[in-house]
Structure formats: structure tokens, C-alpha cells
Amino acid sequence: AMDERFQAMEKRFETMDKRFEALQREMGTRFEAMDERFQAMEKRFLTLQWTMGIGFSFLTVLMGILKFWP
């Protein structure tokens with residue numbers, strides 16, 4: 001009777017291990033997807049930052065030229 005109980009417990013542990021492995025794979029997939037989204041967002045912010053910097057530089061130069069233009 002004790003051997004049967006231990007075998008049943010061993011089967012339960014194997015089932016739990018399989019569940020944990022599946023959950024771990026699923027979480028890994030989700031984290032990879034989130035990582036890709038963050039990289040895309042970082043790229044957009046970098047582009048926006050450069051665009052704003054060039055725009056402000058252009059306006060500064062234009063205002064400087066217009067100030068000294070008679």
C-alpha cells in the first residue's frame with residue numbers, strides 16, 4: 001500500500017514538473033514579445049528625440065539669422 005502511495009505521489013510530482021516547464025516556456029515567450037515591444041518603443045523615442053533636436057537647432061539658427069538681417 002505504501003509503494004502505491006509513493007508511486008501516485010511520484011506521478012503527481014511528474015505532472016507538476018510538466019506544468020511548471022510549460023509555464024516556464026510560456027513565460028519565456030511572453031518576455032521575448034515584451035522585449036521586442038520595448039525595443040520598438042525605444043527606437044521610436046530615439047527617432048523622436050533626434051527629430052526634435054534637429055527642429056530646435058533649425059529654429060535657433062533661423063532666429064539668429066533673422067535677428068541680424070536688416
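The values are calculated or read from the model by the stated rules, or taken from the named source; none is laboratory data. Model, not experiment: these values are computed from the prediction. FYI the Cβ positions are ideal-geometry reconstructions off the backbone, even for glycines, and counts take in every protein chain you see. Quick note on the areas: whole protein, heavy atoms, side chains included, nothing else; ligands and nucleic acids left out. Shrake-Rupley method; radii C 1.70, N 1.55, O 1.52, S 1.80 Å.
A few remarks follow.
- Zero-based 5 Å bins, Cα pair distances in the chain, whole percents: 3, 13, 8, 9, 8, 6, 8, 6, 6, 6, 5, 4, 4, 3, 3, 2, 2, 2, 1, 1, 0
- Proximal aspartates and glutamates relative to Lys43, as straight alpha-carbon distance under 17 Å, when same-chain residues fewer than 8 apart are discounted: Glu32, Asp35
- On Cα atoms only, tilt of 2-68 relative to the major axis of the chain in degrees: 0
- Net charge of Cβ neighbours under 14 Å - reference Gly28; Lys, Arg +1; Asp, Glu -1: -3
- When the helices of the chain are scored as -39500 (n - 2.57) per DSSP H run of n ≥ 4 and the total is divided over every residue, the value at 222 nm lands at -36500 deg cm²/dmol.
- Charging the Cβ of each Asp and Glu at -1 and of each Lys and Arg at +1, and nothing else, the dipole of the chain about its Cα centre rounds to 540 debye.
- Percent accessible area from carbon and sulfur atoms, the chain, protein chains only, probe 1.4 Å: 65
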